[in-house]
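Single-structure report; data block below.
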Amino acid sequence: MEHSNWFVIINPKAGNGSALKLWPKIEALLKTSNFNFQFTFTQYRNHATKLVEIAANKGFRNIICVGGDGTLHAIVNGLMLQKKVESSAIYVGLIPIGTGNDWAKTYNIPNTIKEAILLIKKDTIKVQDIGKIDFLESKKPSLYFNNLAGIGFDGLVAKKTEKLKHLGKLSYFIAACQSLLTFNNFEVEIIYKNNRSTTRSLMVLVGLCTYSGGGMRLTDTPNPKDGLFDISNVTNFNTWDFIKNLPKLYNGKVQAAKKVNTFKTDSILVLSNKRTKDFYMQTDGEVFNAENINISILKQAFSFYT
C-alpha cells in the first residue's frame, strides 16, 4: 500500500485537549510509517464537515480523523454533503481521542496511537450504513449519523455531558443521574412500514452500531451493514425503572425490560408534541433541539479502515 495523499483532520479540543497535546507524537509516527499527508486543525464546531468537502474537491480520497465521536460525526457529514465522488469512495481512518470513543468500540479500533496507525496501514476496508435525518418543521439541512440517534432523555443526557467531559467516561453516568431529576416521559408517535403507535416514552433510540454514551448498549441487535436500524422505544420509565435497569444499560440486556419495545426498520417517522427547553435529540453525541423528524437509511455509504 502506498500511503500517499492523506488528509489528516485534528480536533484540538478532543479528549479535553489531549488531541492537541498528542499531535506532535501522532505526526512523528505518521511520518515514520511513511504516510504522505497534509493536516489541519478544526477551528470551530463541525468545521471538519467543511474540511472534508474541501479535501474531496482537491482530490483526497484518504482521510484520517484525530478526535472522538463528534469529530468523526462531522467528517461523516462532510462525506455525505460533498458532491465530488460517492461517499463510500473516500476512506476514513480513525485515531480515537475522545470522551467515549463509542463508534470505535464496535470495530475494536485501538485507543493507542501506534496501534491505531498500524491498523490503518493494514489497508483493510469495511463499509457500513449511514442514517439520514430530515427535519420536518425547521427545514434545517439533512443530518447524517454513523452510530446512534436518540430523542428525549438520551438527548438531554448528551446535552448535560457537554459540560462534564472533563470527567471522562464518568460524565455520561453523572449526566444521566442529573437528567433523571428533571426529565419526564413525553408523548411520541412512531410510524414505520405499516405500523403506527403513540406512547409515553422516556427516549427513542435509533441505532446502527453497538455502543453509545460511553459504552452503553441501548439497542437490541444492531448491525451496521444489514440495511436496517435497530430501534428501542423506552416507554413509561420512571426513576425506579431507570435505577433497577441501570446495569442492563451496559450489558446489552435493557431491551428485555417489559417497557422497552424493539424492532427493525429502514425508515421511521418520530413525531412529538413536546416543546420544552429540555427536549433534545443527539446524533453520535452531537446535540440539537428535538422536533418532528424522518430518519432513513443509506446503505453501504461509509468506508473506513479497520
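The values are calculated or read from the model by the stated rules, or taken from the named source; none is laboratory data. It should be emphasised that the depicted structure is a prediction, and the values quoted were computed from it without experimental measurement. A quick note on method: Cβ atoms are made from the backbone with ideal geometry, for glycine too, and the neighbour counts reach across all protein chains shown.
Brief remarks on what is shown
- Residue selection: Lys264 fails the criterion of being without any contact (Cβ under 8 Å) to a residue 12 or more places away in the chain and buried (at least 16 other Cβ atoms within 10 Å of the Cβ).
- Condition check for Leu202: assigned to a strand (DSSP E or B), touching a strand residue (DSSP E or B) at 6+ places or on another chain (Cβ under 8 Å) and either touching a residue at least 60 places away in the same chain (Cβ under 8 Å) or farther than 15 Å from Thr283 by Cα (or both): yes
- Among the conditions (1) under 30 Å from Leu79 (Cα atoms); (2) surrounded by fewer than 19 Cβ atoms within 10 Å (Cβ to Cβ); (3) modelled with pLDDT under 95; (4) not polar (S, T, N, Q), the only one that Lys299 does not satisfy is (3).
- Restricting attention to segment 273-284, the residues being at pLDDT below 90 and touching an Asp or Glu at 6+ places or on another chain (Cβ under 8 Å) number 2.
- Evaluation of Ala104 against the conditions (1) in contact (Cβ under 8 Å) with a residue 60 or more places away in the chain; (2) surrounded by 14 or more Cβ atoms within 10 Å (Cβ to Cβ); (3) not polar (S, T, N, Q) shows that the sole unmet condition is (1).
- Only one of the numbered conditions (1) acidic (Asp, Glu); (2) outside any strand (DSSP E or B); (3) over 24 Å from Leu20 (Cβ atoms) is violated by Glu115, and that is (3).
- Hits in segment 164-204 (condition: among the basic types (Lys, Arg) and either modelled with pLDDT of 85 or more or touching an Asp or Glu at 6+ places or on another chain (Cβ under 6 Å) (or both)): Lys193, Arg196, Arg200
- Meets criteria (aliphatic (A, V, I, L, M), buried (at least 23 other Cβ atoms within 10 Å of the Cβ) and within 24 Å of Lys159 (Cβ to Cβ)) for Ala48: yes
- Conditions (1) at pLDDT 90 or above; (2) buried (at least 24 other Cβ atoms within 10 Å of the Cβ); (3) closer than 28 Å to Gly17 by Cα; number of the one not met by Gly207: (3)
- One residue stands out in segment 65-94 among those that are part of a strand (DSSP E or B) and aliphatic (A, V, I, L, M): the one that is surrounded by the fewest Cβ atoms within 10 Å (Cβ to Cβ), namely Val92.
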